[in-house]
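First the structure, in the form of structure tokens, and then the observations on it.
The values are calculated or read from the model by the stated rules, or taken from the named source; none is laboratory data. From a predicted model like this one, the values you see are computed outputs, not experimental measurements. All Cβ positions, even for glycine, are placed from backbone atoms using ideal geometry, and neighbour counts span all protein chains on display. Note: accessible area is taken over every heavy atom of the protein model, side chains too, but ligands, DNA and RNA are not part of it. Shrake-Rupley method; radii C 1.70, N 1.55, O 1.52, S 1.80 Å.
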Amino acid sequence: MSSPDYRAQGLKDIIVTLDGAILTIVLNRAKDRNTLTENIVDETTKVFDLADRDDRVRVVILTAEHTAPAYCSGADISGGWKVLWRPEAEKEGEHAHRDGGGEVSLAIMRCRKITIAAINGHAAGVGMTAFQLPFDFRFVWAGAKLTFPFVRRGIVPEATSTYLLPRLIGHSRANSLLLTGATVTPESPYIKDLYHQILPTREGVYPAAKAFAEELAANTSMVSIAYAKGLLQHPGSSIEENHLLDSRAIKLGAMSNDGKEGVLAFKERRLPKFRDKLSENVSPWYPWWRTIDVRHRQSKL
Amino acid sequence: MSSPDYRAQGLKDIIVTLDGAILTIVLNRAKDRNTLTENIVDETTKVFDLADRDDRVRVVILTAEHTAPAYCSGADISGGWKVLWRPEAEKEGEHAHRDGGGEVSLAIMRCRKITIAAINGHAAGVGMTAFQLPFDFRFVWAGAKLTFPFVRRGIVPEATSTYLLPRLIGHSRANSLLLTGATVTPESPYIKDLYHQILPTREGVYPAAKAFAEELAANTSMVSIAYAKGLLQHPGSSIEENHLLDSRAIKLGAMSNDGKEGVLAFKERRLPKFRDKLSENVSPWYPWWRTIDVRHRQSKL
Amino acid sequence: MSSPDYRAQGLKDIIVTLDGAILTIVLNRAKDRNTLTENIVDETTKVFDLADRDDRVRVVILTAEHTAPAYCSGADISGGWKVLWRPEAEKEGEHAHRDGGGEVSLAIMRCRKITIAAINGHAAGVGMTAFQLPFDFRFVWAGAKLTFPFVRRGIVPEATSTYLLPRLIGHSRANSLLLTGATVTPESPYIKDLYHQILPTREGVYPAAKAFAEELAANTSMVSIAYAKGLLQHPGSSIEENHLLDSRAIKLGAMSNDGKEGVLAFKERRLPKFRDKLSENVSPWYPWWRTIDVRHRQSKL
């Protein structure tokens, strides 16, 4: 079992706190509108990978200070777009580049725990993509100004947003957001289906997300969540293949301690107490899907 | 042409009635909250397969008694999860299990007729998955308490729900239901897009579904429906492939008796009278997709 | 750079006007309810292909006269369904047919510019499919009667609608439209997510679409739009593949003149002035996807 000390990671641009089963990551570049830098890519990626393996963690919340000028205003382009170029890729040409926002998205999608974005301020660019779309749930302030401005900046929607957004809310609404670069608020019909909950005040967003997280942490099985997320992200290429996958997953669940506790708690009309851990109780059959290694070759360890 | 006598099938846990072109299946385990048993899996699977081949049937409705304590409260777990294990699979290990709810889902999806779930009571677990998601249309009582409780029971969403639900309403709303296990009512923004119609009373649900079914049975082509369902479920892996498929299907339709009747009725400003039958009027080209045989090998006939 | 003279194309059933960067196509068969003919398939297909290569064009709008009896009432079936059969395919059998509506859909989907349907009247059949679904945005009159009547005519949903509609608004809503053939208006919960904007009057639809088009033409990059549309339509078969694709696209964008102008305009707090052209500034890497050649062999040039 891995129990990392998050304070010993030398983190600079994010503040990470473990409270019971809830790991909270606060973006810590308020004075720069929490814009994305190479360092914040490295730090968030590292923490989501640690949280994935840390059996103490059941939910990860990403948020910002609610007094910051923004949740995240996009990439830091004070030095032009090149701020995110990795030197080793720069020399090799266009195919070698790996988008930093996309690296963050993949790390969040890889994380088998419940993930929540608590968007308590305005958001633009990568603040809409990597810092919102890969999460399981999004809580947002009703007054947040939200924009995917890419086509108005001469670039393209990044961080796997063209993959994620249409799957989340359909192509009709995704077009209305990604191809216009319009600024909307959460109640807009174009975007409202993206949000699990819309809160009236900035300061109310994180507490609502935290209370939701605590209830889920207390009453859901960590292993069930991991399988369910796996099935949702990798459902099989046909309904028959999905049937084979979920049949196997449910059998594993039903025979596990958590599965037995689930039945027992139901019969005894009490809340369950799930104790199975990802590090010990997941079948070697998981993950059942193939993953392309997308790391730039020179950056491999 | 196959015209089975549904009363001669020895059905015990469902009541099946053919009224004109509408086949109604009523769950008949009210005193057990219509929970799923191995027998109800076998019976519903059998009836959907019969209805698929019965030229008299244009629409299949699944419902419950509106006075039952629930439409379906999930699997019968009075004996633990094992209630649904098939003995022959049990011996072979996790890969051999076939989820009963999934077998029901596949049978409903295979049925080329119009399918409607008339959910006139509370629903949980497989009552939300196999008994709702594979249907073409869902009619529901506004007061129904609805829940996908899997992650709160130590198991995983089954019956191909991780395949079907995101396709029906998008991943954002599917996450809000499947990863929380929350209980909602039909007007909830998380679930409302799932329902074709929401009715104010329990007793009003089935009559509304039946009237809808009768109108469709009278005025739609059985063969058109079969092709349209095939195209929606197996649309081709690219838009170009879809163009090849629907071009062929529309040519077949246009040259058929039903296609000719469609034009004629339109010109004569009258309702059409479609007579083509699935047993006689479907091209050998249908089905155009490959299907994995997912039966457990020992259970093959 | 290709700058076709649209007036020299001998167009008969559509009227095409280039106003700045906006190309408007008006269906010109009002007295026949703008029904689809073989000729209108050929003309619209040709114009969308020309617009795709014309660097002057940033947005294409399809509309009708707002005084016409309908935006488009479907295919012209005054002579039966055969109106759209191509003679050379007719001889060869069902597999050789290519649906005319589908040819239009593919041409619109191929067009790398922003595309808008301005639906200022009633719509049925191909007026719902090819003349609406392949567009990036749909503006519609609130009073329009809208119907996909296929299953009530003995044929099947065509023009790639079974591919496009579920992707746009989800399978639940797509079923409610395609499998019923019901007539709805734009505010119906079954269809409202399809529309970017719903306008109260017929005469207000085109001006709203035009104003929207002009704003996008002025402030978005033509090359960004082409890459963004490519990513949305061909996002990669996994999130990792999407990451490789959007990483490459954003690097290309960021290094382009439009990308530099995007940063500069942002820093100078002014609107951008994008000058890059599709004919000169797209990487040979684009398109990155494979396309099946679906032309009927005999019709190849």
*So C:Pro157 fits all but one of (1) farther than 15 Å from C:Ala123 by Cα; (2) at the interface with another protein chain (Cβ under 7 Å from one of its Cβ atoms); what number is the exception?*
(1)
*asked:* I need a count of the residues in the stretch A:65-89 that are open to solvent by 70 Å² or more (accessible area, probe 1.4 Å) and either modelled with pLDDT under 80 or not assigned by TED's automatic domain parsing to the domain that holds A:Phe131 (or both).
replied: 2
_For the stretch B:94-111, which positions are under 13 Å from B:Lys82 (Cα atoms) and open to solvent by 40 Å² or more (accessible area, probe 1.4 Å)?_
B:Glu94
*B:Arg248 out of contact with any Gly (no Cβ under 7 Å at 6 or more places or on another chain), surrounded by fewer than 16 Cβ atoms within 10 Å (Cβ to Cβ) and among the charged types (D, E, K, R)*: no
*asked:* Condition first: in a helix (DSSP H, G or I), within 19 Å of the chain's Cα centre (by Cα) and among the aromatic types (Phe, Trp, Tyr). Now tell me which residues in the stretch A:51-103 satisfy that.
replied: none
*Got a sec? Which of C:Val140, C:Val156, C:Val223 is under 26 Å from B:Ala217 (Cα atoms) and modelled with pLDDT of 95 or more?*
C:Val156
*Please identify the pairs in which a residue from the stretch B:1-16 that is touching a residue at least 24 places away in the same chain (Cβ under 8 Å) has its Cβ atom under 8 Å from the Cβ atom of a residue that is open to solvent by 40 Å² or more (accessible area, probe 1.4 Å) and of a type in the set (Gly, Ala, Ser), counting only partners at least 6 apart or on another chain.*
B:Met1/B:Ser279; B:Ser2/B:Ser279
*Counting only residues that are hydroxyl-bearing (Ser, Thr, Tyr) and at the interface with another protein chain (Cβ under 7 Å from one of its Cβ atoms), give me the helices (runs of 4 or more DSSP H) lying completely in the stretch C:213-301 with at least 2 of them.*
C:222-233
*Output yes when any residue across the stretch C:194-208 is buried (at least 21 other Cβ atoms within 10 Å of the Cβ), facing chain A (nearest Cβ under 10 Å) and within 25 Å of B:Lys229 (Cα to Cα), and no when none is.*
yes
*asked:* C:Glu241 - would you say it is open to solvent by 10 Å² or more (accessible area, probe 1.4 Å), without any contact (Cβ under 8 Å) to a residue 60 or more places away in the chain and out of contact with any helix residue (DSSP H, G or I) (no Cβ under 9 Å at 6 or more places or on another chain)?
replied: no
*Single unsatisfied condition, C:Leu106 versus (1) assigned to a helix (DSSP H, G or I); (2) at pLDDT 95 or above; (3) over 30 Å from C:Gln233 (Cβ atoms)*: (3)
_Please count how many residues of the stretch B:225-238 are buried (at least 24 other Cβ atoms within 10 Å of the Cβ) and over 16 Å from the mean Cα position of the chain (by Cα)._
2
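For (1) open to solvent by 10 Å² or more (accessible area, probe 1.4 Å); (2) at negative phi, each residue gets a yes or a no:
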| residue | (1), (2) |
| --- | --- |
| A:Asn120 | no, yes |
| A:Val126 | no, yes |
| A:Thr129 | no, yes |
| A:Phe135 | no, yes |
| A:Val140 | no, yes |
| A:Phe148 | no, yes |
| A:Arg153 | yes, yes |
| A:Thr160 | no, no |
_For the stretch A:129-148, which positions are in a loop (DSSP other than H, G, I, E, B), away from every other protein chain (no Cβ under 14 Å) and in contact with a helix residue (DSSP H, G or I) (Cβ under 8 Å, 6 or more places away or on another chain)?_
A:Phe131
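Residue by residue through the stretch A:1-23, note down the ones that are aliphatic (A, V, I, L, M), open to solvent by less than 50 Å² (accessible area, probe 1.4 Å) and within 19 Å of A:Ala213 (Cβ to Cβ). Reasoning before the result, please.
Within the stretch A:1-23, the subset aliphatic (A, V, I, L, M) is A:1, A:8, A:11, A:14-16, A:18, A:21-23.
Still in the running and open to solvent by less than 50 Å² (accessible area, probe 1.4 Å): A:11, A:14, A:16, A:21-23.
Selection gives A:Ile14, A:Val16, A:Ala21, A:Ile22, A:Leu23.
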*Would you mind stating whether C:Val151 is away from chain B (no Cβ under 11 Å), without any contact (Cβ under 8 Å) to a residue 40 or more places away in the chain and among the aliphatic types (A, V, I, L, M)?*
no
*asked:* Just to be sure I understand, how many residues within the stretch B:167-193 are outside any loop (DSSP other than H, G, I, E, B), free of Cβ contacts under 8 Å to residues at least 24 places away in the same chain and either more than 7 Å from chain A (Cβ to nearest Cβ) or hydrophobic (A, V, I, L, M, F, W, C) (or both)?
replied: 3
*Output the residues belonging to the stretch A:281-301 that are at pLDDT below 95 and open to solvent by 60 Å² or more (accessible area, probe 1.4 Å).*
A:Pro284, A:Arg290, A:Thr291, A:Ile292, A:Asp293, A:Arg295, A:Arg297, A:Gln298, A:Lys300, A:Leu301
*Residues of the stretch A:194-212 satisfying the condition of being more than 18 Å from the chain's Cα centre (by Cα) and assigned to a loop (DSSP other than H, G, I, E, B)*: A:Pro200, A:Thr201, A:Arg202, A:Glu203, A:Gly204
